[in-house]
Each structure stands twice: as C-alpha cells, then as structure tokens.
Amino acid sequence: MSVLTPIPLQRTMIVVDIEGSTLRNNTATAVLRHDLYELFEAALLECDITEKLRDPFTDRGDGLMAFVHAVDQAPKTLMVNRFIPVLTRLLGEHGLKRPERKFRIRAAMHAGDVHFDLRGPFGEDVTLTTRLVDAPELKVALRRTTAPLVLAVSEQFHHSVIRHGYEGIDEDRFERSIELDIGGRSTTGWVQLPETRAPGKPIPLRDRVSQRTRTAARFPVRTPLPRRLRRDVPEERDTNGNDPAAERRISS
C-alpha cells in the first residue's frame, strides 16, 4: 500500500524462516531465497489464494512474511488445514528433486490488526508473529523432527481456530510450548507436533474430538437414581415403621 492506513486492517499473518541460513554463504542463501519464494507462492495458488487476496510479501532476508486478507475465500481454517500441508508437501518434493538445494523452514501464524505505511507493515500483531517464528522453542522443535516444516500459532489463533477441531485440524497435535514477553505482557504460543498419519489421509471425525472430550466420554457424569429405586440405600421409614413414599403413592 502507498499511504499510511489510519485504521488497522484485519489480516492472517504467516511468516517463515529458513533453518540454518547463517551457516550458508551469500550465494547459497540467494538460491534458497529464490526457491522459498517460488514454493511459498505455489502453495498459496494451489489453495486459490491469489495476489488479490493478499498484500505483497514482506522480505525478511532468510524468510518472508505474508498477509492474507480476511475474506470468505481465505478463512483462517484454510491456512491451517490446506496451506500448511501443501507447503510442507512442496518442500518435501523439492528436497527429493533437488537434494543439493534442500532446506527446511519454521513457520508462525497469527491473525490480527496490521498497519501499513510507505516502509511496510507494522503493529503489535506483526511483532507477535515475528517473535513466534524466532522463538527458541520452535527452533528446537524443528531440530527434533525430520519434517520439512514446523508450525507455531499464537494463543489467540489457537483459541479461535485450533481448539474447535474444524475439518482437517487436529487439536491434539498442538502443544503449548512457547513463552513470550512482548512489551511486558506475557503470552504463549502453540507448536504443531509432527504428523503421525500417512500423508494425505483425512482426519476421521472421532480423531478430531479433543482429548478432553474423549476423556469425559470415558468417565460420564451419571444422574443418580431416585432413592426408592436404589438398592444400596435403605428405604425411608417413619417412627412407626411405615413407608411414607408408599402412603403417598396410595393416596394419589
């Protein structure tokens, strides 16, 4: 955008960063930057997210940041259950075809308010997203897996999207493991654990139910039986040994 926006604009923010970029020389980094942009845009287009539905990419040297418009054609759920899997697949295929140019990335996602001026995007939500992708906990998560991508989402994004178990989103794969302090305010982030299903296999409905719900189903709350139907409780008797309940039933 060419002018300062006087009001914040709603965007879904995705930022990615190449693993170990500082260990490569400038020539190698240039090649990986080219490949990253190509794969990232290809993943967006495969999800029908065209340039009309997003702002221009913001370059981060060894990564990039995208801002997807808050429109019906690009819901937040789409970014998790389609875009991230597609980008992960493209990264894997790229590594198999060009092993000498194989690379892995960290990704972070958040939805919130963004301001734009002549120099680019800014705002608290932009800062939060970039802090998530640079979190040490996310770097450790990537080192602990062979997957080409690991994803972190903000606490707000998890609350509004992940925890509801929408189609293709497995809540149980997310673990709250990132702690951030931004401007003296503490917040957390959730890291998506590696996929254990076969690639492309749909998530059954029963698996999309949260672990808390499944636990509750195993230990249901039972409504107690009326006293007169319970065998473990002696019948009530008055001082003369009569059954008041029986008398009430007869009188009615």
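What is the calculated FRET efficiency for residue 119 to residue 140, with r their C-beta to C-beta distance and R₀ = 30 Å, to the nearest 0.05?
On the way: r = 33 Å, r/R0 = 1.09.
After rounding to 0.05, the efficiency reads 0.40.
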**Report entry** residue 59 - accessible surface, heavy atoms, 1.4 Å probe, Å² rounded to 10
**Finding:** 80
Report task. For residue 159, tell me the accessible area in Å² from a 1.4 Å probe, rounded to the nearest 10. Result -> 100
Query raised in the report: residue 188 to residue 31: extension gain in nm, 0.36 nm per residue of separation minus the Cα-Cα distance?
Result: 53.1 nm
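Can you work out the accessible area per residue across segment 32-158, with the rest of the protein chains kept in place, probe 1.4 Å, in square angstrom?
Numbers: 5820 Å² over 127 residues.
On a per-residue basis, segment 32-158 sits at 46 Å².
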Requested in this report: Show me 129-138, 88-97 ranked by packing, highest mean number of other Cβ atoms within 10 Å first.
Outcome: 129-138, 88-97
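For 186, 160, give me the order by solvent-accessible area with a 1.4 Å probe, most accessible first, ignoring ligands, DNA and RNA. Could you put the intermediate results ahead of the total?
Working: 186 95, 160 45 Å².
Reading off the accessible areas and sorting them downward yields 186, 160.
The values are calculated or read from the model by the stated rules, or taken from the named source; none is laboratory data. Source: prediction; values computed, not measured. When we count neighbours, we look across all protein chains shown, and the Cβ atoms used for this are built from the backbone with ideal geometry, even at glycine. For the accessible areas, the whole protein counts, side chains as well, though only heavy atoms, and no ligand, DNA or RNA atoms are used. Shrake-Rupley method; radii C 1.70, N 1.55, O 1.52, S 1.80 Å.
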